[in-house]
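Down below is the structure, laid out as structure tokens.
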Amino acid sequence: MGHAGARPKVFVFFPSLARPLAIQEALAGKCPGLDVTVFGRLTDLRAMAAREPPLAILAPLPALGQFGGYRPRLQGIRNGSATEKYVLLSIGKPFAPGADLGSSIGAVGIFDRAGMSAFAKGIVPGSPRINLVTKVEDLLPVLIFGSADAILISETNMREFRKKSRANLVSTELKNAQVGLLAVGMRAAAPLAGAGAEAARGEKDILAALKALDAGTLALLGVDAWQ
Amino acid sequence: MNRFRRRMRAFLPVLLLFAACGASDPILVLREDGSDFRETMEGLVRELGPEFAFEEKIVEGGFGPREAVSLIAAHRPRAMVLMDNEAIRIHAAAQKLWNDSVVPYPPAIALMAVRVDKAIAGVRNTSGIFYEVPGLTIFLNLRALSKAPIHKVGVIARPYMADFVRESAAWCERESIRLVSHEIPDGRKNVARAVREGIRRLRDREKVDALWILNDNYFLTAEIIREGWIPALERFRKPVLVGVENFVSPGSRFGAYAVLPDHYGLGAQAAGMIVRLKEDGWRMGQKAKVEHPLAVHKVLNLESARKSMRIRPESLMEVDKVVE
């Protein structure tokens, strides 16, 4: 956004089984007017967003909240819902949250360690230890090799893991485990009038391009429409 | 993302400095030099955040156990991270020199070492992460990629790796995959020929669905590759799984699918172990286990893969790098 005509910069953080570059290539192909970078790791996004703040950040709604200067403008929905259910997945028997003081759960980091601990405690009773990984695919080895007693995972990814593994994967339902789907956060108005006008144009371009995405590309982002 | 990674890596010294300024828990890292070690360091530092201060020492000529003891005395680290077998060797010797009656020798986490389980055997207060990617991780990734079922995988090994192969086989059973080993005894004269015979046996008699080539330098000399592996693999026609990216480079005629350690992920995993150590008051339990690496980097040689398996196209989205 440094000069007129530059493509508006969009950062995407969407932990999924698809590699970030594949999502980036799909988005770049569908949104040639945007400068899209997809991050697989939160630390990468945070570092880059601090250095070169983008005009928009796409991230799961709870994760978006940690980027203070961005306000949600679009919320992704799937099957009419803006949230998806998370469950605990374990091998052989259901995981009993709170039953074992020394228990641990694996999870993908969508906050820093302290934030992730607070997030998980809001969902999983009993304050288990959190074993963080940086990629969704790493959660299956966490479970199989016993690095944690259970993993915290969306129902969508649980179905994918069940396709990949022959182990007896058992899910445990959780209360309060509805987690916001991908949302689009826009940077608050730029301080200079000229830059503000450019940002307004960029924002309009971003929203138009995202709303025009086809079903296949939206599915890569875990949603089927925007609201 | 490579360009991004390079740019971020350039900021690693700043991160280290920042971490050192405001942090309360010093961590001493003994490591080798090289890009893989730097990437692991990046994962460690960035995933631990600024609450930890890092002191890094590149292990090179002249640095030995006495120098390690001096470093530990000067920095009083809460924990140590050891990268590579040489760092572990120095740590083991330094531990013996240390007088525990005043200040206890810090616990350590070892990684990026060949057979880290053997390397830290008998070393107190030390845990680690295997550098070898478990067969099961590799086979599950293959199963996700291949339309054909993967029930049986062959491997050629020497007695030194027998326990590793046995443990791998036990893990594989949990996923209904049978790992069949063809063992080549120590002292075999014509190893290239033994490799050819082993591949033939695994193909014709065992009828394996894939072949796993271990990262064992004993079998991976230029001569054995040229006269053993390559002629036999030309008639193998099943997926060949390797642990070295060069073996799936275009024109290598060797592997179809490489599943490698993700070095940033190794650092992140070590970061998690350090956090747990801190939560436990910097005490390592008696039964601290060596963990398997959780994160991997997958490279597919599309041409070789297409010759040896029917690929699920949607699974290509999960492969980190596809070479053609």
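The values are calculated or read from the model by the stated rules, or taken from the named source; none is laboratory data. Everything numeric in this text was worked out from a predicted model, so none of it was measured. Cβ sites come from the backbone with ideal geometry, for glycine too, and all protein chains shown count toward neighbours.
What number of residues within region A:27-42 are part of a helix (DSSP H, G or I) and buried (at least 21 other Cβ atoms within 10 Å of the Cβ)?
Our first condition is that a residue be part of a helix (DSSP H, G or I); within region A:27-42, this holds for A:27-30, A:42.
Then keep just the ones that are buried (at least 21 other Cβ atoms within 10 Å of the Cβ); that gives A:27, A:42.
Matching residues across region A:27-42 total 2.
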_Suppose we keep only residues that are in contact with a helix residue (DSSP H, G or I) (Cβ under 8 Å, 6 or more places away or on another chain) and in a helix (DSSP H, G or I) within region A:44-73. Which one would you say is farthest from A:I123 (Cα to Cα)?_
A:M48
_Can you tell me which residue is nearest to A:R73 (Cα to Cα) among those in region A:14-26 that are outside any helix (DSSP H, G or I) and in contact (Cβ under 8 Å) with a residue 60 or more places away in the chain?_
A:F14
*Among the numbered conditions (1) small (G, A, S); (2) closer than 22 Å to A:A18 by Cα; (3) within 14 Å of chain B (Cβ to nearest Cβ); (4) out of contact with any Ser or Thr (no Cβ under 9 Å at 6 or more places or on another chain), tell me where A:G222 comes up short.*
(4)
*Which of the following residues is closer than 23 Å to A:K135 by Cβ, in a helix (DSSP H, G or I) and modelled with pLDDT under 95: B:L44, B:L15?*
B:L15
*Could you please find all residues in region B:123-142 being within 13 Å of chain A (Cβ to nearest Cβ) and either of a type in the set (S, T, Y) or in contact with a Lys or Arg (Cβ under 7 Å, 6 or more places away or on another chain) (or both)?*
B:S127, B:T137, B:L140, B:N141
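One line per residue, one yes/no per condition, for (1) away from chain B (no Cβ under 12 Å); (2) at pLDDT below 95:
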| residue | (1), (2) |
| --- | --- |
| A:R7 | yes, yes |
| A:P20 | no, no |
| A:L27 | yes, no |
| A:L34 | yes, no |
| A:T37 | no, no |
| A:G40 | no, yes |
| A:T43 | no, yes |
| A:R46 | no, yes |
| A:E52 | no, yes |
*Scan region B:84-104 and give yes if some residue there is part of a strand (DSSP E or B) and buried (at least 22 other Cβ atoms within 10 Å of the Cβ), otherwise no.*
no
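Determine, yes or no, whether B:M273 is of a type outside the set (D, E) and over 26 Å from B:D33 (Cβ atoms).
Values: of a type outside the set (D, E): yes; over 26 Å from B:D33 (Cβ atoms): no.
So B:M273 does not fit the description; no.
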*If you check B:V165 against the conditions, is it assigned by TED's automatic domain parsing to the domain that holds B:I213 and touching a Leu at 6+ places or on another chain (Cβ under 6 Å)?*
no
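Scan the helices (runs of 4 or more DSSP H) fully inside region B:224-324 and keep the ones with 3 or more residues being away from chain A (no Cβ under 14 Å) and within 25 Å of A:I23 (Cα to Cα).
Working: elements: B:230-233, B:263-279, B:302-308.
Per the criteria, B:302-308.
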*asked:* If I go through region B:47-71 residue by residue, how many of them are surrounded by fewer than 21 Cβ atoms within 10 Å (Cβ to Cβ), farther than 28 Å from A:T134 by Cβ and out of contact with any Asp or Glu (no Cβ under 8 Å at 6 or more places or on another chain)?
replied: 9
*Could you please let me know if B:E227 is out of contact with any Cys (no Cβ under 8 Å at 6 or more places or on another chain) and either surrounded by fewer than 17 Cβ atoms within 10 Å (Cβ to Cβ) or in contact (Cβ under 8 Å) with a residue 60 or more places away in the chain (or both)?*
no
